[in-house]
Amino acid sequence: MQVTIDLPEKLLQHFNRDRLNHEILEALVIQAYQTEKITHAEVGRILKLPSRWKINAFLKQHNADLHYDEADLESDRATLEQLRTKPNHTAS
């Protein structure tokens, strides 16, 4: 989809015009992520970021906190506990 907007020249002078489309896309993605309209994975797909680490780095660079709440923490704790109690089946 293509969208046309009018931007004041005073604002445009602060941007590299060759990268303006990408910078606007990034700003919209950050806003959508921060307001939980899109997920971490969607950030990566939209911006074509190849890994979870690159997505995390992008979000950190733009001061966008990762969505991680108490339920996520409890889920991670349960997973760790399962991994700790699971017998190790590696060959010796």
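Structural remarks
- Label positions at Ala57 and Thr85, each projected 7 Å from the Cα along the C-beta direction, are separated by 3.8 nm.
- Residues Arg84, Arg45 arranged by fewest to most Cβ contacts within 10 Å: Arg84, Arg45
- This model, with +1 at the C-beta of Lys and Arg and -1 at the C-beta of Asp and Glu, gives the range 9-85 a dipole about its Cα centre of some 460 debye.
- Among Thr85, Thr39, the ranking by other beta carbons within 10 Å of each residue's beta carbon, starting with the fewest, stands as Thr85, Thr39.
Laboratory data are not the source of any read-out in this text; all were calculated from the coordinates shown. None of the values given here were measured: they were computed from a predicted structure. Reconstructed Cβ throughout: ideal geometry from the backbone, glycine too, with neighbour counts over all protein chains shown.
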